[in-house]
1. Look at Tyr48 and say whether it is of a type in the set (Ser, Thr, Tyr), more than 30 Å from Phe189 (Cα to Cα) and part of a helix (DSSP H, G or I).
2. Any residue at all in region 176-185 that's at pLDDT 70 or above and open to solvent by 20 Å² or more (accessible area, probe 1.4 Å)?
3. How many of the residues making up region 46-71 are in contact with a Ser or Thr (Cβ under 9 Å, 6 or more places away or on another chain), open to solvent by 20 Å² or more (accessible area, probe 1.4 Å) and of a type in the set (Asp, Glu)?
4. Among Val77, Val38, which is under 22 Å from Val204 (Cβ atoms) and hydrophobic (A, V, I, L, M, F, W, C)?
5. Checking Ile195 against (1) modelled with pLDDT of 85 or more; (2) open to solvent by 60 Å² or more (accessible area, probe 1.4 Å); (3) β-branched (Val, Ile, Thr), which single condition isn't satisfied?
6. Going by the structure shown, is Gly109 within 30 Å of Ala169 (Cα to Cα) and exposed (fewer than 15 other Cβ atoms within 10 Å of the Cβ)?
7. Test of understanding: among Ala133, Ala139, Ala118, Ala169, which residue is modelled with pLDDT of 85 or more and more than 15 Å from Thr202 (Cβ to Cβ)?
8. State which residue pairs qualify: first residue within 21 Å of Phe35 (Cα to Cα) and inside region 82-93, second residue assigned to a loop (DSSP other than H, G, I, E, B) and open to solvent by 20 Å² or more (accessible area, probe 1.4 Å) in any location, beta carbons under 7 Å apart, and separation of 6 or more residues or different chains.
Amino acid sequence: MTWTIPNILTVLRLLAAPGVAVMFLYFHRPWADWFALVLFVSAAITDYFDGYLARLWKQESKFGAMLDPIADKAMVVIAIMVLTGYSGMNPWLILPATVILFREVFVSGLREYLGARAGTLKVTKLAKWKTTAQMIAIAVLFLGTGLEHLEGIARRGMTPEQYAELVTAGLADPIRSCGVRGCSSYATFVGLGLIWIAAVLTFVTGWEYFRKALPFLRDEQ
């Protein structure tokens with residue numbers, strides 16, 4: 001493997017995927033939400049630039065082609081896992097999240113089964129739009145969870161720092177949702193709408209890949 005700038009960006013995006021979850025282990029909310037949001041958006045931006053620079057500088061490689069979709073899937077899967085937990089297991093999020101996760105596992109299984117013929121399932125333009133929709137939706141949802149936490153703290157008449165001290169001392173529980181129709185609700189509603197759009201695109205692309213793979217799945221007579 002050659003350590004070109006496009007390959008380095010792809011590796012950094014892969015490392016950023018678990019980093020999103022790690023933010024919630026080492027930082028208090030809402031700082032964890034903001035750091036996760038910044039890390040996720042920064043990593044999502046590299047998804048465009050690594051491919052663009054690889055084509056521009058003629059540095060496309062098999063390593064980059066292999067790792068790029070893995071990094072994208074890792075980002076989406078880990079971020080969705082974190083969001084479903086901190087959204088109070090909102091069913092309006094769990095359903096599209098299930099569709100997205102099922103499709104990613106299903107298509108990965110198809111590619112593994114096809115082996116050398118996996119080129120049949122090349123990434124389409126619609127699949128790229130699907131990934132873009134997923135990442136925008138996840139970023140907006142992280143914004144919503146952070147704002148919800150701030151609003152919940154405000155309702156209790158404390159600053160984020162004061163509440164963080166109580167949580168650290170074991171005198172208060174982390175707030176998952178304030179339940180107030182404030183700015184956080186708008187961000188959450190927009191994020192949920194976008195994640196449903198992403199789920200529809202995800203289902204359509206998954207069906208397309210399955211249809212392309214069908215000829216290779218039939219038993220020989």
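1. no
2. no
3. 2
4. Val77
5. (2)
6. Taking the combined requirement at face value, the residue does not satisfy it.
7. Exactly one of Ala133, Ala139, Ala118, Ala169 is modelled with pLDDT of 85 or more and more than 15 Å from Thr202 (Cβ to Cβ), namely Ala139.
8. Tyr86/Arg176; Gly88/Arg176; Gly88/Ser177
The values are calculated or read from the model by the stated rules, or taken from the named source; none is laboratory data. Keep in mind the model is a prediction, meaning the values are calculated, not measured. Note that each Cβ is placed from the backbone with ideal geometry, even for glycine, and that neighbours are counted across all protein chains shown. Ligands, DNA and RNA are stripped out before the accessible areas are found, and what is left, the full protein with its side chains, is counted by its heavy atoms. Shrake-Rupley method; radii C 1.70, N 1.55, O 1.52, S 1.80 Å.
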